[in-house]
Amino acid sequence: MDLPRLLTIMGSGETAPTMVRSHRSVFDRLESCLGNGARRGVLLDTPFGFQTNARELAERSVAYFAKSVGAKLEVAGMRRREDLEGPRGDTIVSLLLSSPLVFAGPGSPSYALRHWHGTLVPALLAEKLALGGAITFSSAAALTLGSLTVPVYEIYKVGEDPRWLQGLDLLAPLGLRAAVIPHYDNAEGGTHDTRYCYLGEERLSLLERDMPEDTFVLGVDEHTALHLDLSSGTAEVTGHGGVTLRARGASERLEAGTTSTVDRLAGLAQELGRGRKRRRGTGGEGVDERNAGGTGTGGTGTGGTGTSGADLLGVPGDASGGGTSREKAQATTLLQAIREREEAFRQSLQAGDPGDMAAQILSLHEDLLAWSSDTLQSDHLDRGKASLRSMAIDLASLAEIGARDPEIAIRPYVELLLEVRAAARAAGRFEEADRVRDSLEALGIELRDRPEATSWQLHARESPEQG
């Protein structure tokens with residue numbers, strides 16, 4: 001069964017008791033398709049990779065998911081873009097590819113983007129949303145999802161002028177050309193305005209003036225989640241707060257418990273941008289409640305200068321996505337071929353079949369050679385090469401286990417039994433000591449008792465056919 005395509009955007013509280021139910025609902029959905037093996041994921045630790053307590057933050061997240069959510073997270077170990085270089089990088093890519101869910105949370109959005117842009121990470125995330133898998137981003141990581149993002153630390157802590165940065169633009173293929181703002185209802189400031197992720201009304205209004213006309217603010221309150229099911233096209237708000245769509249000073253709020261569709265969210269954003277929704281707090285001025293005809297096919301403007309998720313994947317998007325339909329069909333075919341080889345390789349690895357694992361590596365290599373002369377500009381060849389290297393590493397690991405001296409593998413167990421035998425002999429339990437010796441010899445392990453110590457040697461055993 002194909003994996004569902006799930007995107008969960010959390011405003012905050014990603015490792016708090018308030019969001020346990022939201023996390024569990026995502027894993028429950030994955031488990032309904034994959035079974036017990038779906039309750040696992042990878043923690044993409046880049047957003048807080050610059051912090052001196054990065055290891056502690058990762059360990060706390062892993063412990064939270066294990067204890068509260070009933071899921072196993074593995075830390076990606078990508079704190080900087082340099083971590084993607086060499087064999088270590090291949091392992092990280094393999095982990096991101098094979099994990100049903102990718103989770104990221106607190107830290108700095110500008111730091112994360114600086115180390116993600118120009119790598120395979122944006123394409124791998126877009127691939128999960130397009131072809132199957134789940135992404136849960138909260139707080140700083142949530143800020144990176146849109147076409148635009150806010151350098152929160154630089155503005156709020158350092159005092160730089162409000163400005164936009166290029167985001168991952170993973171929402172554009174959904175018709176949502178948005179700037180995601182978590183911590184939307186933050187009230188930590190007390191006497192000063194810290195709403196809108198510590199921006200406040202004045203700075204957010206300044207930023208809105210620099211937004212492209214088709215771009216809107218998608219605000220997610222603290223301890224609140226927006227679940228977007230791309231497979232069914234549904235949207236649901238859970239948690240303690242709400243989700244706000246804001247454009248040109250006009251807002252539409254969806255409270256927790258609200259269910260809608262992704263298309264309707266895009267339609268609401270278009271209506272707000274055209275001034276056809278009620279402006280909250282204006283006494284009804286500029287009211288025009290007519291249906292703006294929003295069909296959820298937005299995202300055709302020029303908001304943001306980065307490559308969208310659709311462009312990264314080479315899958316059909318809106319009319320402005322660039323490239324011909326033939327090119328995009330080719331790109332999808334290459335990516336699908338890579339994923340099919342990966343799935344077949346994983347099945348062979350689970351079955352312990354090195355011969356078929358090698359066959360899948362060779363087949364993928366032939367696929368990449370066949371596509372190497374294509375003029376399509378995408379990173380699919382790099383994506384395939386990374387997968388090829390990770391497969392080779394897995395095969396080498398299996399070969400290392402198979403080629404290892406069996407005496408090395410069994411030594412801890414034999415020596416433990418020798419200690420048991422020595423204790424039995426010292427206590428005068430000679431019958432027990434003889435049983436240990438006879439059992440080891442039956443397994444092909446010869447014991448030699450000497451005054452100073454007992455040595456042992458493993459002898460090759462005859463197979464039933466040889467006997």
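Miscellaneous remarks
- Filtered residues of region 1-37 (kept if farther than 23 Å from LEU174 by Cβ and of a type outside the set (Ser, Thr, Tyr)): GLY13, ALA16, PRO17, VAL20, ARG21, ARG24, GLU31, LEU34, GLY35, ASN36, GLY37
- Residue check for VAL20: touching a Ser or Thr at 6+ places or on another chain (Cβ under 9 Å), in a helix (DSSP H, G or I), closer than 23 Å to HIS223 by Cα and free of Cβ contacts under 8 Å to residues at least 60 places away in the same chain: yes
- Verdict on ALA76 being within 25 Å of ALA235 (Cβ to Cβ), buried (at least 16 other Cβ atoms within 10 Å of the Cβ) and at pLDDT 95 or above: no
- For LEU148: the one exception among (1) open to solvent by less than 10 Å² (accessible area, probe 1.4 Å); (2) of a type in the set (A, V, I, L, M); (3) over 26 Å from HIS23 (Cβ atoms): (1)
- Against the criterion of being closer than 21 Å to LEU120 by Cα, out of contact with any strand residue (DSSP E or B) (no Cβ under 8 Å at 6 or more places or on another chain) and modelled with pLDDT of 80 or more, LEU388 qualifies.
Here is a yes/no grid of residues against (1) on the phi < 0 side of the Ramachandran plot; (2) more than 23 Å from the chain's Cα centre (by Cα); (3) without any contact (Cβ under 8 Å) to a residue 40 or more places away in the chain; (4) crowded, with 19+ Cβ neighbours inside 10 Å:
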| residue | (1), (2), (3), (4) |
| --- | --- |
| GLU201 | yes, yes, yes, no |
| ASP210 | yes, yes, no, no |
| THR244 | yes, yes, no, yes |
| ALA250 | yes, yes, yes, yes |
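- LEU95 buried (at least 17 other Cβ atoms within 10 Å of the Cβ), more than 27 Å from ILE155 (Cα to Cα), among the hydrophobic types (A, V, I, L, M, F, W, C) and within 13 Å of the chain's Cα centre (by Cα): yes
- Of THR191, THR136, all but one fail to be among the β-branched types (Val, Ile, Thr), free of Cβ contacts under 8 Å to residues at least 40 places away in the same chain and either touching a Phe, Trp or Tyr at 6+ places or on another chain (Cβ under 7 Å) or open to solvent by 10 Å² or more (accessible area, probe 1.4 Å) (or both); the exception is THR191.
- Sole residue being surrounded by 13 or more Cβ atoms within 10 Å (Cβ to Cβ) and either at pLDDT below 85 or assigned to a helix (DSSP H, G or I) (or both), chosen from ALA433, ALA409, ALA370, ALA396: ALA433
- Within region 44-62, the residues that satisfy the criterion of being crowded, with 23+ Cβ neighbours inside 10 Å and under 20 Å from SER98 (Cα atoms) are LEU44, ASP45, THR46.
- The residue that is farthest from GLY89 (Cα to Cα), among those in region 113-161 that are in a loop (DSSP other than H, G, I, E, B) and polar (S, T, N, Q), is SER147.
The values are calculated or read from the model by the stated rules, or taken from the named source; none is laboratory data. Nothing here was measured: the structure is a model prediction, and the numbers come from that model. No Cβ is skipped: glycine too gets one built from the backbone with ideal geometry, and neighbour counts run over all protein chains shown. Accessible surface areas use protein heavy atoms only, side chains included; no ligands, DNA or RNA. Shrake-Rupley method; radii C 1.70, N 1.55, O 1.52, S 1.80 Å.
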